[in-house]
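Structure first, commentary second.
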Amino acid sequence: MAEKAFQDRLIEESLWVRTAGAAPHFAALAGEVRCDVAVIGAGLLGLSTALHLAEGGASVVVLEAAEPGWGSGGRNGGQVNPGLKIDPQDTVRRFGAARGEALVAFAGSVADETFATIRRHGIDCDASQAGWLQLAHTARALPGLERRAEEWRARGVAVETLTAGRAAEIAGSEAYVGGILNPHGGAVQPLKLVRGLAAAAAAQGAAIHARSPVERLERDGTQTVLVTPQGRVTAGRVLVATNAYTGPQVPGLRRDLLPVSTFQVASEPLPPHLAATVLPGGHHVSDTHRSLYYFRKDAEGRFVIGGRGAYGARGMEGAYAELRRVAQRIFPGLAEVRWEHRWGGMVGVTEDHLPHIAEPAPGVLAAVGFNGRGVALSVALGPHLARRLSGGPEEAMPLPVGPLAPIRLHGTKVAVLPWAAGFYGLLDRLDGGRVV
Ligand SMILES: Cc1cc2nc3c(=O)[nH]c(=O)nc-3n(C[C@H](O)[C@H](O)[C@H](O)COP(=O)(O)OP(=O)(O)OC[C@H]3O[C@@H](n4cnc5c(N)ncnc54)[C@H](O)[C@@H]3O)c2cc1C
C-alpha cells in the first residue's frame, strides 16, 4: 500500500500528467459481464491489444487498477525505440536462424508500426520521428555500438555510424566519443499516447474500466472469472498486461521480473539560444553507461532526462540531483535553466533481457518484461497478441510463448537491487568519460 501511494505521487508529479489535459472518465466495473477476452492492465500493451481485438470483432473488457496510463505507459521517457535489448546476432544465436531472424525483423519494425498505429487512429500525442541516437561514453563502449549498427545494416536497416565530431554536431554535446543513429526512432508524449489508444479501443467497442483492480482469477469450466471489488468478468481468454506493476493474482508471474526504479527530471522550456544548440535536430538519446541515461526535448522544448538507480522515496532526492548534474555535464548551458518537473516509475527487467510471453493457466496469456524498451514493443505486440488470443497459432508470434521463467533467488535479488544500482554507478565512474 505504501508502494502504491508512492507510485501515485510519482505519476501525479509527472510532466506528462501536467501537459496531457483533463483525464478521460472511465467507470469502475460494477456487476457481472461476459466477454470473449478480458485484459488486465490499461497500459500500452493492454490497450493496443484491446484495440486490435475489438477491431477484429471480439468483445473485450479492460480492467485497470488505477487509471489508464497509471503504470509505466503513462510515465516513461516517451522514446519510441526499435529493437530489443539484445542485438540481432545474439537474437539469432538464441532463437535459431528462422525464428531469430523473424524476431529481429519484428523488433526492427516496432517503431514504424507504433507511428503507423498513431497515424491510423489520428492519436494526438506530439509524435515525431527524428531518429534515435545511441552515444558512447568511452572509447571502449564504441565498438559495441558500431557492431550493432553493422548487424542492422546487414539486414537492410540504415543505421548510421557517427564519428565523435558528427555525434557532437547532431547531439549538440561534446560529452560523447561517437555513436550510432537509427532513423526509425522517435518520441511521443506517452500519457497522451495511452489515452489515445484507450479512446481508439473504446471507439471500436472495447469496454474500459478504471479503478477496477483484479483481485483474483477463478476457473469456471472453460472460462476464467476475474473478480474486482464490485464486479466479475467471465471471459473466454485473458491477457495479463501488468508488466512491472504485476501483483500476486497470477501465481509465479511476479517472479519472472525484477522491478527496477527509474527517475526523470524536466526543465522549463529552453530559451531560444539553448533550444537551438541542445539536440538541435529533435533527436532523442540513450547512452552506454551501465546505469544508462536517456534524454530528449519534449514538444514545448523542455529538456527531459532519465536514469536508473534510486530505490524508493529515500533514494529519490539523490537521483533527481544526480540527473540535473549529469544533464549539465552533457550540456553545460543547462546550468542556467530551472528544473520544474520530477517523477519516476518501475521498469520490468528479465534475466535474459527479453520480454516473456507465457500461458500460466489455460486460456490465460501474460506478456511482461520489456526491460525499459516497452513503448514501441508493446504497441507493436498488440496485434500479434490479439491474433493469439483469437486462436492464432503460436508459431506466428514474434516471440515464443513459453512457460513462466522464474528468476532464481528472486527475493534476494529484489533485496540487493539498490546496491546493484550503486555498484553499476561506481563502475561507470571508474570508466572515466565526461558524463558522470
Ligand atoms: C520512468 C520510465 C521511463 C521509461 N522510458 C521508456 C522509454 O523512453 N522508452 C521505452 O521504450 N520504454 C520506456 N520505459 C518502459 C515502458 O514504459 C514500459 O515497458 C511500457 O510502458 C510497458 O507497458 P505495459 O502496458 O506493459 O505496462 P504498464 O503501462 O505499466 O501498465 C500496467 C498496468 O497494469 C495495471 N495493473 C497492475 N495490476 C493490476 C490488477 N491486479 N488489476 C488491474 N490492473 C492492474 C497497472 O495499474 C498499470 O496501469 C520506461 C519506464 C519508466 C517507468
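Looking at (1) out of contact with any Leu (no Cβ under 6 Å at 6 or more places or on another chain); (2) more than 14 Å from the ligand (Cβ to nearest atom); (3) open to solvent by less than 30 Å² (accessible area, probe 1.4 Å), find the lone condition where residue 351 falls short.
(3)
Could you say which residue among 300, 317 is open to solvent by 40 Å² or more (accessible area, probe 1.4 Å), more than 12 Å from the ligand (Cβ to nearest atom) and touching a strand residue (DSSP E or B) at 6+ places or on another chain (Cβ under 6 Å)?
Details: 317 fails: touching a strand residue (DSSP E or B) at 6+ places or on another chain (Cβ under 6 Å).
After ruling out the rest, the residue left standing is 300.
Consider residue 435 against the criteria (1) modelled with pLDDT under 95; (2) within 25 Å of residue 251 (Cβ to Cβ): it satisfies all of them except one. Which criterion is unmet?
(2)
If you go through region 129-164 one residue at a time, how many are open to solvent by less than 50 Å² (accessible area, probe 1.4 Å) and farther than 18 Å from residue 288 by Cβ? Even if it seems obvious, please write down each step before you answer.
Filtering region 129-164 for residues open to solvent by less than 50 Å² (accessible area, probe 1.4 Å) gives 130-138, 141-142, 144-145, 149, 151-152, 157, 159, 162, 164.
Cutting the leftovers down to farther than 18 Å from residue 288 by Cβ gives us 130, 157.
Counting residues in region 129-164 that are open to solvent by less than 50 Å² (accessible area, probe 1.4 Å) and farther than 18 Å from residue 288 by Cβ gives 2.
One line per residue, one yes/no per condition, for (1) free of Cβ contacts under 8 Å to residues at least 24 places away in the same chain; (2) open to solvent by 20 Å² or more (accessible area, probe 1.4 Å); (3) among the charged types (D, E, K, R); (4) not in a helix (DSSP H, G or I):
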residue	(1), (2), (3), (4)
378	no, no, no, no
407	no, no, no, yes
412	yes, yes, no, no
416	yes, yes, no, no
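Based on this model, can you work out whether residue 327 counts as of a type in the set (A, V, I, L, M, F, W, C) and surrounded by fewer than 23 Cβ atoms within 10 Å (Cβ to Cβ)? Please lay out each step first, then the result.
Details: of a type in the set (A, V, I, L, M, F, W, C): yes; surrounded by fewer than 23 Cβ atoms within 10 Å (Cβ to Cβ): no.
The answer is no for residue 327.
Out of everything in region 22-81 that is assigned to a loop (DSSP other than H, G, I, E, B) and over 28 Å from residue 3 (Cα atoms), what residue ends up being farthest from the ligand (Cβ to nearest atom)?
Looking at the filtered set, the residue picked out is 57.
Could you grab me the full set of residues in region 363-372 that are modelled with pLDDT of 95 or more and open to solvent by 30 Å² or more (accessible area, probe 1.4 Å)?
Hit for region 363-372 is 363, nothing else.
How many of the residues making up region 271-294 are aromatic (Phe, Trp, Tyr) and near the ligand (Cβ under 10 Å from one of its atoms)? Before the answer, list the steps.
First pass over region 271-294, keeping only residues aromatic (Phe, Trp, Tyr): 293-294.
Adding the requirement that they be near the ligand (Cβ under 10 Å from one of its atoms) leaves 294.
Residues in region 271-294 being aromatic (Phe, Trp, Tyr) and near the ligand (Cβ under 10 Å from one of its atoms): 1 in total.
When you go through 219, 237 one by one, which is the residue that is surrounded by fewer than 21 Cβ atoms within 10 Å (Cβ to Cβ) and more than 30 Å from residue 300 (Cβ to Cβ)? Talk me through it step by step, then tell me what you get.
Working: 237 fails: surrounded by fewer than 21 Cβ atoms within 10 Å (Cβ to Cβ).
Unique residue meeting the criteria: 219.
Mind listing just one residue for me: the one in region 365-385 that is under 13 Å from the mean Cα position of the chain (by Cα) and among the small types (Gly, Ala, Ser) and, of those, farthest from the ligand (Cβ to nearest atom)?
Keep residues of region 365-385 that are under 13 Å from the mean Cα position of the chain (by Cα), which gives 367-381.
From what's left, among the small types (Gly, Ala, Ser): 367, 369, 372, 374, 376, 378, 380.
Numbers: 367: 7, 369: 9, 372: 5, 374: 2, 376: 6, 378: 5, 380: 11 Å.
Among those that are under 13 Å from the mean Cα position of the chain (by Cα) and among the small types (Gly, Ala, Ser), it is 380.
Would you kindly identify the helices (runs of 4 or more DSSP H) lying entirely within region 132-250 that contain at least 1 residues that are of a type in the set (Lys, Arg), more than 16 Å from the ligand (Cβ to nearest atom) and touching a residue at least 60 places away in the same chain (Cβ under 8 Å)?
Values: elements: 142-153, 164-171, 190-203.
Once the helices (runs of 4 or more DSSP H) in region 132-250 are filtered for at least 1 residues that are of a type in the set (Lys, Arg), more than 16 Å from the ligand (Cβ to nearest atom) and touching a residue at least 60 places away in the same chain (Cβ under 8 Å), what remains is 142-153.
Go through (1) modelled with pLDDT of 95 or more; (2) within 16 Å of the ligand (Cβ to nearest atom); (3) open to solvent by 20 Å² or more (accessible area, probe 1.4 Å) for residue 268 and report which single condition fails.
(2)
Residues are listed down the side, and each one gets a yes or a no for (1) modelled with pLDDT of 95 or more; (2) closer than 20 Å to residue 13 by Cα:
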site: 291; (1), (2): no, no
site: 295; (1), (2): yes, yes
site: 299; (1), (2): yes, yes
site: 307; (1), (2): no, yes
site: 311; (1), (2): no, yes
site: 318; (1), (2): no, yes
site: 322; (1), (2): no, yes
site: 328; (1), (2): yes, no
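Name the residue that is farthest from the ligand (Cβ to nearest atom), counting only residues in region 83-99 that are in a loop (DSSP other than H, G, I, E, B) and open to solvent by 10 Å² or more (accessible area, probe 1.4 Å).
Of all residues in region 83-99, those in a loop (DSSP other than H, G, I, E, B) come to 83-87, 96.
Imposing the further condition that a residue be open to solvent by 10 Å² or more (accessible area, probe 1.4 Å) reduces the set to 84-87, 96.
Numbers: 84: 11, 85: 10, 86: 15, 87: 17, 96: 26 Å.
Among those that are in a loop (DSSP other than H, G, I, E, B) and open to solvent by 10 Å² or more (accessible area, probe 1.4 Å), it is 96.
Pairs under 6 Å by beta carbon, first residue farther than 16 Å from residue 40 by Cβ and modelled with pLDDT under 95 in region 52-65, partner open to solvent by 50 Å² or more (accessible area, probe 1.4 Å) and in a loop (DSSP other than H, G, I, E, B), six or more apart or different chains?
No pair meets every condition.
State yes or no: is residue 9 more than 23 Å from residue 220 (Cα to Cα), more than 9 Å from the ligand (Cβ to nearest atom) and of a type in the set (Lys, Arg)?
Numbers: more than 23 Å from residue 220 (Cα to Cα): yes; more than 9 Å from the ligand (Cβ to nearest atom): yes; of a type in the set (Lys, Arg): yes.
Yes, satisfied.
The values are calculated or read from the model by the stated rules, or taken from the named source; none is laboratory data. All of these numbers come straight from a predicted model, not from anything done at the bench. All Cβ positions, glycine included, derive from the backbone under ideal geometry; neighbour counts span all protein chains shown. Ligands, DNA and RNA are excluded from the accessible area calculation, which covers all protein heavy atoms including side chains. Shrake-Rupley method; radii C 1.70, N 1.55, O 1.52, S 1.80 Å.
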